[in-house]
1. Please specify each residue of segment A:265-283 satisfying the condition of being surrounded by fewer than 24 Cβ atoms within 10 Å (Cβ to Cβ) and under 17 Å from the mean Cα position of the chain (by Cα).
2. Can you tell me which residue in segment B:267-282 is farthest from the other protein chains (Cβ to nearest Cβ), limited to those that are assigned to a helix (DSSP H, G or I) and closer than 18 Å to B:A306 by Cβ?
3. Provide a single number: the residues in segment B:227-243 that are part of a helix (DSSP H, G or I), open to solvent by 10 Å² or more (accessible area, probe 1.4 Å) and of a type in the set (G, A, S).
4. Restricted to segment B:380-404, and to residues that are within 19 Å of A:T243 (Cβ to Cβ) and among the acidic types (D, E), which residue is least open to solvent (accessible area, probe 1.4 Å)?
5. Being out of contact with any Asp or Glu (no Cβ under 9 Å at 6 or more places or on another chain), more than 8 Å from chain C (Cβ to nearest Cβ) and not in a loop (DSSP other than H, G, I, E, B) is the requirement here; does A:G64 meet it?
6. Here are some conditions: (1) open to solvent by 50 Å² or more (accessible area, probe 1.4 Å); (2) without any contact (Cβ under 8 Å) to a residue 60 or more places away in the chain; (3) farther than 30 Å from B:D389 by Cα. A:A185 meets all but one. Which one does it not meet?
7. If A:G135 passes every condition in (1) open to solvent by 20 Å² or more (accessible area, probe 1.4 Å); (2) at pLDDT 85 or above but one, which one does it miss?
8. From B:A359, B:A372, B:A304, B:A355, grab the single residue that is crowded, with 21+ Cβ neighbours inside 10 Å, over 16 Å from B:V90 (Cβ atoms), in contact with a Pro (Cβ under 7 Å, 6 or more places away or on another chain) and in contact (Cβ under 8 Å) with a residue 24 or more places away in the chain.
Amino acid sequence: MKRPGAVPWLFVVPAAALTLLILLVPSLVGAAYAFTDWDGLTSPSWVGLANFTEFFDDGSHVVGQTLILAGLYVVGVNAAGLGLALGLAHTLRTRHVLRALFLVPAVVSPLVVAYIWTFILDVDGPLNEILEAVGLGSSAQPWLGQRNTALAAVAIVMVWQFAGYHMLIYLAGLQGVQRELLEAAEVDGAGPWRRFADITLPLLRPALVIGTVLSTISAFLLFDQVMALTGGGPSGGTDTLGTYVYEQTFVNGRYGYGSAVALLLVGGVCLAALVQMRLLRGRRS
Amino acid sequence: MNIRGRALGCAAVAVALLAAAAGCGADAGGDGEIVVSVWDDGREESSIDVAARDFEKAHPDLTVTVQKNPFDQHLQALRRQLGAGRAPDVAMTVVGYGESGTVRALADKGLLADLGESPWAGRLPDTVAGAVGDGSEVYAFPVDSMAIGIVAKKGTDVPGTYTSMLTACRDAGRDGKTAFALGGHENSKMPHIVGFALAASTVYADDPGYGDKRLRDEVTFAGSDGWEQAVARFGEMRDAGCFGENAAGTTREATARALGDGDALMAVTPTVTLPLWQAAAPDAEFVMAPFPGDDDPDRVLVPAGASSGLVVPAKASDAGPGKQFVDFYAKHRARYAEIDGAVPALPDDGGGPRAPGYAAALEPYLRDGRTAPIMDQQWPNPELIARFDSGLVEMLTGRAEPADVLESMDAVWTSEAP
Amino acid sequence: MNRYGRWTAFREAGFWIAAIPMLLPVYLVLTTVLRGPEARGESALRPPGDPTLGNMERAWTEAGGGTVSFSQALVNSVLTTAAVVAILVVVAAPAGYALARRGSKLSGAVFGMFAFALIMPIQLGIIPLYGFMVDAGLTGTRAGLILVYAGLQMPLAVFLYTGFLRGLPTAYEEAARVDGARPLRVFAGVVFPLVRPVTGVVATLTGLFVWNDFFVALVFVGDTDKVTLPVAVYSFVGRFAAEWPLIFAAALIAAGPVVVLFGFAQRTIMKGFTSTLHG
């Protein structure tokens with residue numbers, strides 16, 4: 001039944017066309033290559049599931065590393081963002097300036113952020129210098145050369161960069177927490193933690209969903225920062241699915257194999273996003 | 001026609017146009033234009049730029065366009081262009097195997113024009129022939145050459161034997177310095193250079209043809225005593241404190257700073273990287289010396305060979321102009337090498353120097369053929385060099401044994417480029 | 001709760017202290033950039049004794065060897081970003097409107113398509129896309145680059161507009177329609193002004209992406225004079241050495257306009273985020 005004046009499909013056509021042309025169709029073609037041994041240069045030949053079995057044999061350590069990084073980042077950036085938002089929501093006199101300061105890293109290119117931090121974390125860089133200056137010289141170490149510290153460093157750099165962005169999300173979410181509710185609760189004798197847990201947190205649910213889903217997607221696709229900070233090292237210890245796909249596809253020229261892993265990546269992101277949304281949406285509609 | 005019909009009509013036209021455009025693949029460059037794709041070596045005027053202008057003067061009906069890619073990305077960009085049908089007429093690339101997009105990797109896939117008829121193709125020395133072709137065919141004009149050795153500030157006491165090197169490492173450690181600056185960071189791509197320097201005097205001193213045998217799958221790394229010894233010696237150097245404590249997390253820049261500041265005494269490096277060391281200490285004078293891979297001076301070999309080359313992609317259209325440019329460049333190579341401050345890979349018949357001035361100590365080795373190949377030029381799978389670097393870094397942190405490193409390399413060996 | 005007591009002052013000071021590690025890297029960038037080559041060996045923590053703008057000048061005019069100068073890259077970045085944002089707003093807003101108002105299963109499916117496209121990693125399709133663009137003769141052109149960016153960011157833009165519009169009461173539109181206005185008129189006159197907050201968010205997020213993106217620009221215009229700022233920054237990471245003072249100077253040039261713009265527009269952007277979130 002067509003109502004006169006209903007919004008015509010034409011309105012959607014340009015957007016859909018661009019999306020299909022630039023993103024979806026090429027991705028579909030790329031996905032098809034996942035079942036071949038394409039090298040980007042010569043004709044591909046079908047290899048069925050061989051790429052996938054190869055990944056499960058050789059590359060599965062990358063999945064674990066991606067999950068670790070994702071876990072560190074998602075928790076870190078949302079906790080930091082929420083903390084900043086809670087603290088800078090009202091009252092403080094310089095809150096607008098502070099908010100802007102915390103947002104500065106978010107507007108800088110991830111490549112540049114990684115360069116800056118590589119410089120800071122280098123063996124003779126400012127971090128080790130500071131440690132030595134305050135007498136903690138024994139803690140000075142090759143941060144980017146050891147797997148555990150390198151993983152932590154990547155997570156910290158990413159949290160540093162995007163905490164302000166998540167602060168924005170939670171600030172927006174907090175606008176929906178009516179002051180009256182909180183004041184009424186205070187009058188009723190509820191302490192600050194009770195007020196937070198029972199009133200604020202539930203009302204922040206939409207913001208929490210957005211924050212965790214966005215950070216999860218970022219973490220799974222993580223590429224720029226890892227590439228520049230550690231190159232996936234030491235010895236592949238900080239390789240993520242994103243860097244692994246890049247290395248196999250572009251550096252080694254194995255487009256077929258790389259596409260297979262990229263497909264797995266897409267699947268993983270979908271799954272993670274869906275799971276999170278289900279968990280966080282909860283029983284409330 | 002209603003709005004919906006009109007919309008569909010527009011969409012149909014657009015799709016048709018795109019399909020028509022898709023039918024004609026556009027190669028880069030057209031009539032009268034030669035496109036040369038090179039990497040950016042940090043200079044505004046490289047020899048290719050000069051050659052382009054000279055060529056245009058000599059052929060007024062042709063123009064030469066030089067396209068520069070960031071160095072790290074050049075091979076990838078070249079592959080993309082070749083794969084999409086947007087090949088340049090001439091491209092600079094790396095000779096041999098070792099990465100994807102190198103001369104032999106591309107030649108194996110039939111993507112390069114045969115340059116065997118060129119005037120310079122007849123006088124390729126054996127050491128170079130295998131890197132720019134498969135021994136019988138020629139696919140690249142070798143431009144620059146390089147050799148691996150020790151770089152240090154002039155006046156440094158560079159050890160002459162393997163054992164005295166270990167002693168020097170210990171002495172340096174006692175003085176609070178590091179003997180060899182080593183960048184173990186994944187992006188620095190330095191550890192394998194030390195590995196090559198060691199392997200030259202163990203593997204290739206006994207078996208100069210090892211590389212060819214490996215290509216034919218007649219031998220393995222783990223089964224080679226020479227490779228086992230080379231990697232074991234890396235461990236010995238580590239134990240003698242040659243690389244210092246924090247090598248694993250050191251970036252290339254930090255290595256240069258350490259050498260420049262005097263915190264490190266030497267570094268193992270290819271000749272072409274001098275600008276890196278010079279940049280960190282502009283007022284210092286650096287020299288290079290051979291790496292003493294063994295105590296027996298007869299066994300010490302210098303890894304050396306051609307490094308870069310010019311190729312002509314084999315395209316549907318004419319490869320003629322590209323070949324013209326390459327031959328022109330080859331004819332004037334001596335002059336262009338001076339502009340670049342590099343040593344041409346094809347030595348003049350007059351016997352010019354084989355090593356740049358600061359590496360004069362390497363000259364006798366190069367002249368007398370006491371060289372080993374640059375090993376990864378015979379490694380078709382790019383994954384291999386990553387494994388070698390990783391393995392050596394794991395050895396630095398004590399988490400791997402020589403056998404582990406070599407086995408991980410054998411595990412990814414292929415005798416063809418992927 | 002709004003009282004500004006001693007505890008609050010404490011908190012304020014606390015946040016300023018927390019801001020120090022946030023900004024320490026910025027300080028280090030500044031000291032490195034302003035340090036002349038003679039003071040090379042100095043610790044980055046020490047402010048340069050003799051600050052110089054030489055590095056900024058070199059970065060501005062040179063870039064690394066063969067790539068274009070920064071002034072050119074800046075122009076490229078501005079043009080590309082502005083064009084992409086304009087296209088996105090003009091194309092995604094009507095799409096969001098249609099998807100939000102048409103409640104059919106088909107519109108739900110189309111919306112699902114956009115949502116799915118949101119998580120596509122770029123590596124999957126970029127090589128086939130490069131092939132298409134070569135065939136269409138659009139590689140190495142600014143138009144081609146703009147088209148690619150617009151396509152890549154379209155799902156996000158449509159997603160935001162649709163989400164917001166679904167929550168927008170239809171009273172004004174109905175009124176306009178009753179008056180006999182055609183859909184385009186309704187959209188342009190009534191709906192578009194109402195979605196201004198989302199437009200702000202879309203412009204901010206997508207503009208930031210395009211401004212800071214390195215990989216797509218490298219692939220599609222990497223060896224031409226249409227390169228954007230991030231590629232120009234990368235050109236200083238050369239074959240042999242990373243010249244940090246130049247790289248950081250370049251980074252300042254690249255990040256400067258955004259930070260400044262952001263400083264001015266901060267409150268508007270935040271309001272936009274709030275409205276979008278609650279839509």
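The values are calculated or read from the model by the stated rules, or taken from the named source; none is laboratory data. Computed from a prediction, not measured in an experiment: that's the story for all the values here. All Cβ positions, even for glycine, are placed from backbone atoms using ideal geometry, and neighbour counts span all protein chains on display. Only protein heavy atoms, including side chains, enter the accessible area calculation; ligands, DNA and RNA are left aside. Shrake-Rupley method; radii C 1.70, N 1.55, O 1.52, S 1.80 Å.
1. In the first step, residues of segment A:265-283 are kept if they are surrounded by fewer than 24 Cβ atoms within 10 Å (Cβ to Cβ); the result is A:266-283.
The answer is A:V266, A:G267, A:G268, A:V269, A:C270, A:L271, A:A272, A:A273, A:L274, A:V275, A:Q276, A:M277.
2. If we take residues in segment B:267-282 being assigned to a helix (DSSP H, G or I) and closer than 18 Å to B:A306 by Cβ, then B:T271 is farthest from the other protein chains (Cβ to nearest Cβ).
3. First, pick out the residues of segment B:227-243 that are part of a helix (DSSP H, G or I): B:227-239.
Still in the running and open to solvent by 10 Å² or more (accessible area, probe 1.4 Å): B:228-229, B:232-233, B:236, B:238-239.
Retained after the next criterion (residues that are of a type in the set (G, A, S)): B:232.
Selection size over segment B:227-243: 1.
4. In this case the residue turns out to be B:D389.
5. On the way: out of contact with any Asp or Glu (no Cβ under 9 Å at 6 or more places or on another chain): yes; more than 8 Å from chain C (Cβ to nearest Cβ): yes; not in a loop (DSSP other than H, G, I, E, B): yes.
Yes: the conditions hold for A:G64.
6. Evaluating A:A185 over (1) open to solvent by 50 Å² or more (accessible area, probe 1.4 Å); (2) without any contact (Cβ under 8 Å) to a residue 60 or more places away in the chain; (3) farther than 30 Å from B:D389 by Cα leaves (1) as the failure.
7. Failed condition: (2).
8. Numbers: B:A359 fails: in contact with a Pro (Cβ under 7 Å, 6 or more places away or on another chain); B:A304 fails: in contact with a Pro (Cβ under 7 Å, 6 or more places away or on another chain); B:A355 fails: in contact with a Pro (Cβ under 7 Å, 6 or more places away or on another chain).
Checking each option against the conditions leaves just B:A372.
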